[in-house]
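Asker: Sharing a structure here in structure tokens format.
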Amino acid sequence: MLGEVAGLDDIEDLATTIGDAPVKRTPRKRIIPKKLNTQLKHEAPLAESVIPGTQSVFVKTWGCSHNNSDSEYMAGLLATYGYKITDDAMAADLWLLNSCTVKTPSEDGLRNSVESASKLGKKVVIAGCVSQGAPSTKFIEGLSVVGVQQIDRVVEVVEETFKGHSVRLFGQKKEGPKKLGGASLHLPKIRKNPLIEIIAINTGCLNQCTYCKTKHARGELGSYPIEEIVQRGVQSFAEGGDLDDVRGYGSVRARHWRFPPRSTLRVC
């Protein structure tokens with residue numbers, strides 16, 4: 001049998017001779033290759049390509065020293081991820097508006113800025129006390145929001161906003177049942193005044209005055225660990241700073257602080 005197979009001229013003959021009966025072969029149909037479409041369609045992309053960290057951001061702040069410190073932290077984080085922080089609102093791709101809800105003129109300023117950004121086609125992210133204390137405010141509907149204790153995640157909110165999404169990120173930072181001061185004091189920072197460091201030692205309030213919205217926005221009193229405050233102060237003095245104001249830590253009781261001469265530190 002092997003000899004017979006070895007003597008075959010073509011392998012196809014093997015299929016027609018082995019077995020009890022000859023196999024009837026069906027002739028193959030002629031295969032005609034499909035004609036290729038050589039004309040390319042030039043279609044507009046469905047959306048613009050968004051490369052994170054390549055856009056410019058304008059940061060505007062209303063309110064207290066705490067709000068200014070939050071803006072400096074958010075600017076530092078965005079710059080670390082490659083975003084360009086600019087003072088030119090017209091040239092910026094996105095406006096980061098850090099709001100204050102204590103006084104009516106501040107809220108009016110925020111509303112005017114939101115309307116201006118909309119007319120100019122700018123992306124907008126709202127931060128600060130207005131969005132935290134009154135997130136259902138009519139003129140910020142549909143806009144991205146980062147809460148006062150979530151400023152360390154501003155990069156995520158900005159990236160999603162550039163993709164065309166509306167993000168609302170709230171929540172409190174806690175250690176067990178205890179409320180903490182907020183985002184870490186060790187975040188990168190761009191100081192508005194390079195010679196003044198603002199260190200928040202707590203957030204929120206013990207009281208609930210009828211004329212003040214601070215507690216609605218920042219909640220119950222929460223303090224930063226003393227070690228974290230000291231480390232931030234030491235770092236600030238190494239870079240150059242000045243003591244300006246001291247508030248209570250952990251309660252309404254104030255502490256006495258001693259700092260090296262010719263240094264400025266603002267504690268709020």
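The values are calculated or read from the model by the stated rules, or taken from the named source; none is laboratory data. Since the model is a prediction, treat every value here as computed from it, not as a measurement. Note that each Cβ is placed from the backbone with ideal geometry, even for glycine, and that neighbours are counted across all protein chains shown. SASA here: full protein model, heavy atoms, side chains in, ligands and nucleic acids out. Shrake-Rupley method; radii C 1.70, N 1.55, O 1.52, S 1.80 Å.
Asker: Using amide H atoms built 1.01 Å from N in the peptide plane, name the residues 5+ places from GLN149, or on other chains, whose amide H lies under 5 Å from its own.
Answerer: Amide H neighbours of GLN149, under 5 Å, 5+ apart: none.
Asker: May I have the convex hull volume per residue, in Å³, for the Cα set of the range 55-96?
Answerer: Expressed per residue, the convex hull around the Cα atoms of the range 55-96 is 52 Å³.
Asker: Also, quick follow-up: Show me, for the range 194-206, the HN-Hα J-couplings you get by feeding each phi into the Karplus relation (A = 6.51, B = -1.76, C = 1.60, θ = phi - 60°), rounded to Hz, glycine and proline as x.
Answerer: x, 9, 10, 9, 9, 10, 7, 9, 7, 8, x, 7, 7
Asker: Follow-up question, since we're still on this one. Quick one: which residues, 5 or more positions from ASN202 or on another chain, have an amide H under 5 Å from its amide H? H modelled 1.01 Å from N in the peptide plane, none for Pro or chain starts.
Answerer: TYR224
Asker: In whole Å, largest first, what are the principal axis extents of the Cα atoms in the range 89-246?
Answerer: Cα extents, longest axis first: 45, 37, 31 Å.
Asker: For the range 130-209, take N as its residue count and report Rg(C-alpha) divided by 2.2 N^0.38 Å.
Answerer: Compared with the compact-globule rule of thumb, the range 130-209 sits at 1.27.
Asker: Hey, another quick one. Just the accessible area per residue of the range 99-169, please: how many Å² with a 1.4 Å probe?
Answerer: With the other protein chains kept in place, the range 99-169 gives 43 Å² per residue.
Asker: With each pseudo-label sitting 7 Å past Cα toward Cβ, what's the ASN193-GLN208 distance in nm, one decimal?
Answerer: Going by the 7 Å Cα→Cβ label model, 3.6 nm.
Asker: Considering amide H positions built from the backbone, and no H for Pro or chain starts, which residues 5 or more places from VAL59, or on another chain, come under 5 Å of its amide H?
Answerer: For VAL59, whose amide H was placed from the backbone, the distant partners under 5 Å are THR86, LEU96.
Asker: Okay, next question. Give, in nm to one decimal, the length gained when the segment between SER118 and HIS165 is fully stretched (0.36 nm per residue of separation minus the Cα-Cα distance).
Answerer: 15.4 nm
Asker: At a temperature of 37 °C and a viscosity of 0.692 mPa s, determine how fast the range 76-166 diffuses translationally according to Stokes-Einstein, using the Kirkwood radius over alpha-carbon pairs as Rh; express D in µm²/s, rounded to the nearest whole number.
Answerer: This corresponds to a translational diffusion coefficient of 245 µm²/s.
Asker: For the pairs LYS84/LYS192; LYS60/LYS119; LYS189/LYS213; LYS123/LYS189; LYS60/LYS103, note any where the Cα-Cα span goes beyond 21 Å.
Answerer: LYS189/LYS213; LYS123/LYS189
Asker: Can you list the HN-Hα couplings for the range 219-233, worked out from phi with the Karplus curve (6.51, -1.76, 1.60; θ = phi - 60°), rounded to whole Hz and with x for Gly and Pro?
Answerer: x, 5, 4, x, 10, 7, x, 4, 5, 5, 5, 5, 4, 5, x
Asker: Can you work out ³J(HN,Hα) from phi for every residue in the range 67-82, in order, using Karplus 6.51 cos²θ - 1.76 cosθ + 1.60 and θ = phi - 60°, giving whole Hz and x for Gly and Pro?
Answerer: Calculated HN-Hα couplings, in order: 4, 4, 5, 4, 5, 5, 5, 5, 4, x, 5, 5, 5, 4, 8, x Hz.
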